[in-house]
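Report on the structure given below.
The values are calculated or read from the model by the stated rules, or taken from the named source; none is laboratory data. From a predicted model like this one, the values you see are computed outputs, not experimental measurements. Every residue, glycine among them, receives a Cβ derived from its backbone with ideal geometry; neighbour counts consider all protein chains shown.
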Amino acid sequence: MLLLLLLPLLFKGILCPWPSPEGKENPGPHHLAGEEPLSFHMLQISSFANRSWENNQGSGWLGEVQTHRLDSVSGTISYLLPWSRGNFSKEELESIQAVLQLYFHTLPREVQVHSSQFQLEYPFVIQISSGCTLHPGKASEAFLYGAYQGSDFLSFQGYSWKPSPGAGSRAQNVCKVLNRYRVIKEVARNLLSYTCPRFLAGIAAAGKSELERQVKPEAWVSKGASPGPGRLLLVCHVSGFHPKPVWVRWMRGEQVQPGTQQGDILPNADRTWYLRVTLDVAAREATGLTCRVKHSSLGGHDLIIHWDGYHILPMLTCLAIMVTLVVLIVVGPWFQKQSFNWTVCSPHAPKLALPMEANIQQPRSLGHQLYLAQKSWMKNRFLKKGKISLSKL
């Protein structure tokens with residue numbers, strides 16, 4: 001079977017040293033009272049299109065922060081953050097990488113060999129989430145869950161493989177076969193119950209500043225594609241917040257509006273998060289609605305965005321254009337006259353290249369003509385923008 005090839009590694013001591021499976025359970029690192037449970041987990045997604053094509057993806061996560069990425073082709077681990085190695089030595093990390101390389105090298109072949117026996121129907125996807133959780137004042141908790149075609153399939157509990165409720169006879173047969181191999185169970189339990197808690201404690205300490213980072217969200221509202229005649233799709237955007245947990249709702253007063261739809265919380269490039277929350281309402285009922293945001297970084301002060309404020313921007317833009325236009329028309333000629341007088345009369349003004357008579361005979365000098373042309377161009381430009389803004393109101 002798949003993990004039997006790990007047996008030589010165990011005897012050679014490549015893997016991290018572990019207590020005997022029959023020994024006392026590892027109580028896990030000490031936690032301060034009041035701390036939240038913290039997990040480290042590895043995600044694996046293996047896709048099989050047919051007997052000759054497969055694709056494997058692997059990643060490591062500390063809570064909601066991705067810390068590792070696995071190149072399944074080379075079997076190398078990429079450490080995405082400066083503290084992703086925790087306090088493990090170079091030798092320990094190389095040992096873990098050797099196990100993962102062997103695992104992803106043998107996985108496709110083993111699955112293909114047993115696909116008929118376990119009635120696996122191409123194309124199919126296998127998903128595995130494994131890791132450990134540290135609870136305040138309690139022993140660490142290990143977990144391994146497997147899914148087939150997006151549905152719960154099996155799990156590893158204690159020292160045995162168990163089919164998921166409702167997974168059927170296929171899951172029962174797979175677990176029956178896996179439970180025959182003691183070495184597979186020992187490898188799984190040692191990695192999850194001993195290696196994982198030690199690694200989690202080290203990486204949590206090294207990444208403490210990242211885990212405790214508080215970044216306030218920014219929020220704004222917009223109008224989405226019309227859901228139908230006489231209706232509006234109100235969209236509330238919340239971005240740039242950390243940590244991930246956030247509460248966003250469309251409200252009228254203190255009442256949450258039914259029909260509020262929340263999208264997935266997506267990552268930004270700077271390791272903050274983004275969320276989009278929508279509400280489909282009749283256009284006449286949009287007045288008075290607000291988007292309310294609750295987040296730990298706000299210190300208990302909710303962020304409230306009024307839908308009515310969505311219309312303020314075009315009005316302000318139009319007002320700014322009108323004021324600028326008035327200033328340009330009224331103040332511009334006076335400024336040009338003052339500038340001309342200073343140029344002609346000031347004893348400190350630079351000497352003109354042309355005779356004074358030429359300037360007197362040609363009041364509309366080249367500079368004056370350029371000014372008039374520039375004023376006309378700016379006037380037309382602002383009038384055009386004003387018409388566009390007014391048409392959007």
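Filter the range 124-168 down to residues that are among the polar types (S, T, N, Q) and within 18 Å of residue 197 (Cβ to Cβ) and give me whichever is surrounded by the fewest Cβ atoms within 10 Å (Cβ to Cβ). Walk me through it before giving the result.
Going residue by residue through the range 124-168, those that are among the polar types (S, T, N, Q) are 127, 129-130, 133, 140, 149, 151, 155, 157, 160, 164.
Adding the requirement that they be within 18 Å of residue 197 (Cβ to Cβ) leaves 129-130, 133, 140, 157.
Working: 129: 16, 130: 20, 133: 18, 140: 23, 157: 12.
If we take residues in the range 124-168 being among the polar types (S, T, N, Q) and within 18 Å of residue 197 (Cβ to Cβ), then 157 is surrounded by the fewest Cβ atoms within 10 Å (Cβ to Cβ).
Considered as a group, the residues in the range 35-63 that are out of contact with any strand residue (DSSP E or B) (no Cβ under 8 Å at 6 or more places or on another chain) and of a type in the set (Asp, Glu) include one that is modelled with the highest pLDDT, and that residue is 36. Would you call residue 81 at pLDDT 90 or above, surrounded by 13 or more Cβ atoms within 10 Å (Cβ to Cβ) and outside any strand (DSSP E or B)? Yes, satisfied. Output yes when any residue across the range 131-145 is part of a strand (DSSP E or B), in contact with a Pro (Cβ under 8 Å, 6 or more places away or on another chain) and among the charged types (D, E, K, R), and no when none is. So far as the range 131-145 goes, no, none of its residues is part of a strand (DSSP E or B), in contact with a Pro (Cβ under 8 Å, 6 or more places away or on another chain) and among the charged types (D, E, K, R).
Could you say which residue among 154, 93 is touching a helix residue (DSSP H, G or I) at 6+ places or on another chain (Cβ under 7 Å) and either over 23 Å from residue 63 (Cα atoms) or in the same structural domain as residue 50 (by TED's automatic domain parsing) (or both)?
On the way: 93 fails: touching a helix residue (DSSP H, G or I) at 6+ places or on another chain (Cβ under 7 Å).
After ruling out the rest, the residue left standing is 154.
Taking the conditions exactly as written (assigned to a loop (DSSP other than H, G, I, E, B) and acidic (Asp, Glu)), does residue 121 satisfy them or not? When the stated conditions are applied, residue 121 passes them. Within the range 151-164, does at least one residue satisfy the condition of being at pLDDT below 95 and among the basic types (Lys, Arg)? Checked against the condition, which is being at pLDDT below 95 and among the basic types (Lys, Arg), the range 151-164 yields no hits at all.
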